[in-house]
Amino acid sequence: MEKPCTAVLITSDKCYDNVEWVWGYRESDALGGPDTYSTSKGTAELVIRSHIKSFFPQDGKIRIAVGRAGNVIGGGDWAQDRIVPDCVRFWANEETVQLRNPQATRPWQHVMEPLSGYLALAKELSKNPELHGEPFNFGPSANHNHSVQELVQAMSEHWEQVEWNDVSDTGEQHYESGLLKLNCDKALHHLHWQAVLSFEETVRMTAEWYRSYYNNSSMIRDVTFSQIKEYESLARNKGLRWAL
């Protein structure tokens, strides 16, 4: 390739071998895990790493970095078997949500958080060849981990007529990690990136988007752009370099 090219490849925070420790995983920690999902994400990381080492030298025109983020919530997600889309679908029909693992703790973040991180990484990578081949975590502050039940409870404050059941002791259970945290110091040091939203703001913006969709779906584009502007404004008020 004759022209310079910058690429950010996205995997997941599930790439780590999660041993349920209480401090956040760093980018240098072991990959893979006991469940097939974690194994697949760890494998993707190894494939990316091997291709970079084999085909994309440090002094080449192609620069590649990896973004690791997970447990993203926010408007526009309609995937099956995901906690927020499942909740709003059930609640919109005045049905009860079944929580399979309500005590599982995750670093919930709004979708705009990692997206801002990916853009900041791409910008810095295009200028700094030393970041070629480097992975970066993108997540909320370490003290912002909350359980599934806490997330649903917070969502319920922005939604009427909500119900849920704890079904963790019934039926077939598949392995699922109970605790997961990320350490994002590397992104702060190299990219001057950090999360913008509090847990409460994350939940509010998510609930407002879905409530707006069910009230008047024809206006959802305006709601989406309004939330993007709100996010950018909050980032500027915090003095984050990428937003200035």
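Using only Cα atoms, tell me the angle between helix 199-215 and the longest principal axis of the chain; keep it within 0 to 90° and round to the nearest 10. Computed tilt is about 60 degrees. Only beta bridges with both residues in the chain are counted; by DSSP, about 15 percent of them are antiparallel. Taking the Cα centre of the chain as origin and assigning +1 to Lys and Arg Cβ atoms and -1 to Asp and Glu Cβ atoms, the resulting dipole is close to 1260 debye. Pairs to check: Lys123/Lys186; Lys3/Lys53; Lys127/Lys229; Lys3/Lys41; Lys127/Lys186. Give those whose C-alpha atoms are more than 23 Å from each other in this structure. Violating the 23 Å Cα-Cα cut-off are Lys127/Lys229; Lys3/Lys41. Within the shell defined by Cβ-Cβ distances under 12 Å, the residues around Lys181 carry a net charge of -1, with Lys and Arg each +1 and Asp and Glu each -1.
Between the beta carbons of Lys61 and His192, assuming R0 = 25 Å, the FRET efficiency works out to 0.45 to the nearest 0.05. What the pair-distance distribution of the range 130-244 shows, using all Cα-Cα distances binned every 10 Å from zero, is 11, 29, 33, 21, 6, 0 percent.
Share of Cα-Cα pairs in the range 1-146 beyond 27 Å, in percent? Here the long-distance tail beyond 27 Å is 31 percent of all Cα pairs in the range 1-146. The local environment of Asn128, defined by Cβ-Cβ distances under 11 Å, has a net charge of 0 under the rule Lys, Arg +1 and Asp, Glu -1.
As a ratio to 2.2 N^0.38 Å, the alpha-carbon radius of gyration for the range 1-83 is 1.31. Positive-end ranking of Leu191, Trp23, His144 along the dipole of the chain, with charges on Cβ about the Cα centre, is headed by Leu191. Can you check what the net charge comes to around Trp91, using other residues whose Cβ is under 13 Å from the Cβ of Trp91 (Lys, Arg +1; Asp, Glu -1)? Net of charged neighbours comes to -4. The protection proxy used here, the mean number of other Cβ atoms lying within 10 Å of each residue, ranks peptides 35-41, 51-57 as follows, highest first: 35-41, 51-57.
What percent do you get for the relative contact order of the range 5-243 when only Cα pairs under 8 Å and 6+ apart count? Spell out each step's value before the answer.
Details: 385 pairs, mean separation 61.0, N = 239.
Relative contact order here is 26 percent.
Read-outs: derived from the displayed coordinates by stated rules, not from any lab. The structure displayed is predicted, hence computed values, not measured ones. Every residue, glycine as well, gets a Cβ built from its backbone with ideal geometry; the counts of neighbours run over all protein chains shown.
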